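Novice: After the structure tokens below, expect a handful of questions from me.
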Amino acid sequence: MKKVFVIAEAGVNHNGDFILAKELIDIAASSGADAIKFQTFVTKMVMTRSAAKAKYQLNTTKDSKTQYEMVKKLELPFKWHYDLLDYCKTKNIKFLSTAFDKYSLDFLADEILLDILKIPSGEITNGPFLLECALKKRNIILSTGMSTIADIEKALSIIAFGFIYDNKSRIEPSEEVFLKAYNSSKGKSLLKERVTLLHCTTQYPAPISEVNLNAIGEMRNFFNLDIGYSDHTNGILIPIAAVAIGASIIEKHFTIDKDMIGPDHKASLEPQELKDMVKSIRLIEKSMGDGEKNPVPSEMVNMDAARRSIVALKEINSGEMFTSDNLGIKRPGSGVSPMLYWKYLGKKSRNRYMVDELIKNEE
């Protein structure tokens with residue numbers, strides 16, 4: 001099994017505090033996660049001042065009246081990115097951030113030079129933004145919360161078009177050319193090479209009954225792409241289960257303290273929980289094996305003790321006929337396999353056997 005890529009999602013849990021952002025990097029690195037991911041946005045480019053808060057945000061951010069006011073406090077200044085990126089390098093953990101607008105996307109791709117771009121679930125119907133992401137020609141992780149298979153397919157068609165063409169192309173974007181790019185062998189190949197989809201339930205916390213982990217298999221079969229899982233449930237059980245059914249990426253929010261003020265803290269893991277999740281994922285990875293059903297070294301030493309052989313139930317003389325009365329099946333399994341029992345019945349013994357003696361290979 002290929003190693004699961006674990007993303008510790010810091011998101012906006014830095015609360016606009018640079019020192020706290022660095023502490024989150026420390027926690028993510030010590031947990032064994034492969035990457036830490038923040039969020040990069042310019043609030044005025046993402047939402048109107050009248051945009052309503054999500055229901056869960058009403059309870060977690062009572063210090064701000066509007067979504068605009070709440071989000072504005074959580075911007076990650078562009079100048080911080082350079083220092084946080086360098087700090088991640090010293091901690092041997094990959095720095096990632098999700099862009100929510102073209103200005104932020106250009107900064108992450110062209111200035112910070114991220115080789116992986118994360119597209120959040122809320123942007124899966126934002127066609128122009130999807131195209132801008134694809135035109136960067138980077139690997140893409142696309143979250144699919146709130147989406148149908150048809151929604152995902154439309155998003156991938158735009159991304160395929162952006163992978164194949166560039167801004168200098170004279171081909172005008174349209175649904176028709178998007179679909180043509182998606183169905184082309186080149187488009188399929190580029191999507192397979194560069195895109196991972198994340199199954200996701202966009203609720204904080206997500207109800208266990210609405211996680212629908214089996215959608216991971218449906219998405220893998222339909223799109224023939226790597227499928228990961230972005231988890232918003234409480235605890236660590238569900239992301240571990242996702243790994244067991246083949247999720248290639250796990251993304252999970254974490255924080256220093258769930259009781260901090262902010263939209264995502266309560267639905268996040270605390271440091272020890274994050275460490276426990278990563279440890280459990282690595283154990284699941286080891287348990288998955290290569291998928292081929294063969295005896296493994298640790299169990300082969302038990303074969304003789306656990307399996308059976310053909311034995312003499314009675315004293316059998318040379319030349320005597322083997323019958324169901326004088327042949328039996330007993331441990332150990334170091335003799336002739338019981339699968340050959342019927343081949344021995346009706347044949348004459350070439351050897352003399354005592355009771356409970358293992359029958360020899362008389363072929």
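The values are calculated or read from the model by the stated rules, or taken from the named source; none is laboratory data. The model shown is predicted, which means the values in this text are computed figures rather than measured ones. Note: ideal-geometry Cβ built from the backbone for every residue, glycine included; neighbour counts use all protein chains shown. Protein only, heavy atoms only, side chains kept; ligands, DNA and RNA dropped before computing areas. Shrake-Rupley method; radii C 1.70, N 1.55, O 1.52, S 1.80 Å.
Novice: Assess whether Leu274 counts as being assigned to a helix (DSSP H, G or I), free of Cβ contacts under 8 Å to residues at least 12 places away in the same chain and under 28 Å from the mean Cα position of the chain (by Cα).
Specialist: no
Novice: Does Asn221 satisfy the criteria of being out of contact with any Leu (no Cβ under 7 Å at 6 or more places or on another chain), assigned to a loop (DSSP other than H, G, I, E, B), at pLDDT 95 or above and open to solvent by 60 Å² or more (accessible area, probe 1.4 Å)? Explain how you work it out, then say what you get.
Specialist: On the way: out of contact with any Leu (no Cβ under 7 Å at 6 or more places or on another chain): yes; assigned to a loop (DSSP other than H, G, I, E, B): no; at pLDDT 95 or above: yes; open to solvent by 60 Å² or more (accessible area, probe 1.4 Å): yes.
No, not satisfied.
Novice: Related question: Please find, within the stretch 258-316, the residue that is farthest from Gly11 (Cα to Cα) out of those that are open to solvent by 60 Å² or more (accessible area, probe 1.4 Å) and of a type in the set (Lys, Arg).
Specialist: In this case the residue turns out to be Lys314.
One line per residue, one yes/no per condition, for (1) in contact with a strand residue (DSSP E or B) (Cβ under 7 Å, 6 or more places away or on another chain); (2) more than 19 Å from Val243 (Cα to Cα):
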{"position": "Tyr182", "(1), (2)": "no, yes"}
{"position": "Arg194", "(1), (2)": "yes, yes"}
{"position": "Leu197", "(1), (2)": "yes, no"}
{"position": "Leu225", "(1), (2)": "yes, no"}
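Novice: On to the next question. In this structure, is Leu156 more than 12 Å from the chain's Cα centre (by Cα), open to solvent by less than 20 Å² (accessible area, probe 1.4 Å) and over 21 Å from Glu9 (Cα atoms)?
Specialist: yes
Novice: Among Thr40, Thr125, Thr90, Thr98, which is β-branched (Val, Ile, Thr), more than 20 Å from the chain's Cα centre (by Cα), closer than 30 Å to Glu193 by Cα and open to solvent by less than 40 Å² (accessible area, probe 1.4 Å)?
Specialist: From the options Thr40, Thr125, Thr90, Thr98, the qualifying one is Thr40.
Novice: Across the stretch 204-218, what is the total count of residues that are part of a helix (DSSP H, G or I) and either open to solvent by 100 Å² or more (accessible area, probe 1.4 Å) or touching a helix residue (DSSP H, G or I) at 6+ places or on another chain (Cβ under 6 Å) (or both)?
Specialist: Counting residues in the stretch 204-218 that are part of a helix (DSSP H, G or I) and either open to solvent by 100 Å² or more (accessible area, probe 1.4 Å) or touching a helix residue (DSSP H, G or I) at 6+ places or on another chain (Cβ under 6 Å) (or both) gives 4.
Novice: Name the one entry in Lys252, Lys275, Lys266 that is under 30 Å from Glu193 (Cβ atoms), of a type in the set (D, E, K, R) and in contact with a helix residue (DSSP H, G or I) (Cβ under 6 Å, 6 or more places away or on another chain).
Specialist: None of the others qualify; the one that does is Lys252.
Novice: Please find, within the stretch 71-94, the residue that is modelled with the lowest pLDDT out of those that are in a helix (DSSP H, G or I) and β-branched (Val, Ile, Thr). Working first, answer last.
Specialist: At the first step, the residues of the stretch 71-94 found to be in a helix (DSSP H, G or I) are 71-72, 78-90.
Checking which are β-branched (Val, Ile, Thr) leaves us with 71, 90.
Working: Val71: 86, Thr90: 98.
By that ranking, first place goes to Val71.
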